[in-house]
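The values are calculated or read from the model by the stated rules, or taken from the named source; none is laboratory data. A quick note: this is a predicted structure, and the numbers were derived from the prediction, not measured. Methodologically, a virtual Cβ is constructed for each residue, glycine included, from the backbone with ideal geometry; neighbour enumeration extends over all protein chains shown.
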């Protein structure tokens with residue numbers, strides 16, 4: 001079996017590549033955008049193909065070599081045009097070419113943020129309407145439909161941590177540092193998943209005997225974590241200092257604009273975001 005990983009040197013993509021190359025029965029190819037990324041994979045003995053997901057020629061050439069394609073490409077910033085370019089147009093191109101060249105299994109790593117602000121408690125897949133707020137989440141929700149319509153499997157983790165995390169824990173600690181407080185004693189619960197555990201699940205789902213065509217799955221650790229537990233663990237592992245103060249959520253919402261924080265950031269650490277999940 002030959003598996004192509006789109007975004008093979010990114011945070012999640014590199015963990016998926018590590019899983020694939022550890023399995024003797026797999027041939028893994030990384031699809032990347034730059035010569036330096038090709039060299040990075042080559043140093044580890046991994047085949048690589050260079051291109052862009054919006055460049056149909058390079059994408060078609062790479063995907064024609066694979067029976068399975070795992071798409072770990074996403075743009076999560078605030079630039080709406082870039083969100084549209086990567087998450088909407090790019091993933092639509094991936095889904096279209098996967099169908100055209102006869103890819104047997106297509107998997108796309110999305111996000112539980114497509115549900116919107118919450119609170120959510122033990123939410124099953126599609127247990128609430130999608131209400132994505134940010135340009136990144138809105139365009140990723142569109143991308144999901146392209147993938148499912150092509151018979152692909154959509155994987156929705158919530159918050160991913162581990163080596164290479166530049167978004168979740170850095171954002172969480174930045175919000176708390178600006179507030180100089182936790183909110184409601186840090187009792188909100190969040191679905192999270194270690195990047196290596198997520199990668200292992202993605203690999204297993206890609207090789208299941210009965211592939212889940214046109215489906216969506218939450219993939220997180222089965223038991224959600226309290227915000228305070230996540231922060232205390234981060235404090236133990238780094239030099240970051242956990243504030244001793246606690247604010248009621250209503251007060252945090254009021255002071256957030258003065259501190260350069262938005263409502264979505266406050267919601268992230270003060271509302272439950274717990275999705276019924278498992279690891280595979």
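Laid out as a table, the results:
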quantity: Residues that are surrounded by 13 or more Cβ atoms within 10 Å (Cβ to Cβ) and in contact (Cβ under 8 Å) with a residue 40 or more places away in the chain, drawn from region 215-228; calculated: 215, 216, 217, 218, 219, 220, 221, 224, 226, 227, 228
quantity: Filter pass, residue 116 being touching a strand residue (DSSP E or B) at 6+ places or on another chain (Cβ under 7 Å), surrounded by fewer than 22 Cβ atoms within 10 Å (Cβ to Cβ) and under 18 Å from residue 76 (Cα atoms); calculated: no
quantity: Residue 170 without any contact (Cβ under 8 Å) to a residue 40 or more places away in the chain, in a loop (DSSP other than H, G, I, E, B) and either buried (at least 18 other Cβ atoms within 10 Å of the Cβ) or more than 13 Å from the chain's Cα centre (by Cα) (or both); calculated: no
quantity: Residue that is nearest to the chain's Cα centre (by Cα) [pool: residues in region 230-244 that are within 17 Å of residue 160 (Cβ to Cβ) and touching a residue at least 60 places away in the same chain (Cβ under 8 Å)]; calculated: 230
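Here's the yes/no breakdown for (1) modelled with pLDDT under 95; (2) farther than 15 Å from residue 74 by Cα; (3) buried (at least 22 other Cβ atoms within 10 Å of the Cβ); (4) out of contact with any helix residue (DSSP H, G or I) (no Cβ under 7 Å at 6 or more places or on another chain):
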| site | (1), (2), (3), (4) |
| --- | --- |
| 4 | no, yes, yes, no |
| 12 | no, no, yes, no |
| 22 | yes, yes, no, yes |
| 27 | yes, yes, no, yes |
| 33 | yes, no, no, yes |
| 38 | yes, yes, no, yes |
| 42 | yes, yes, no, yes |
| 45 | yes, yes, no, yes |
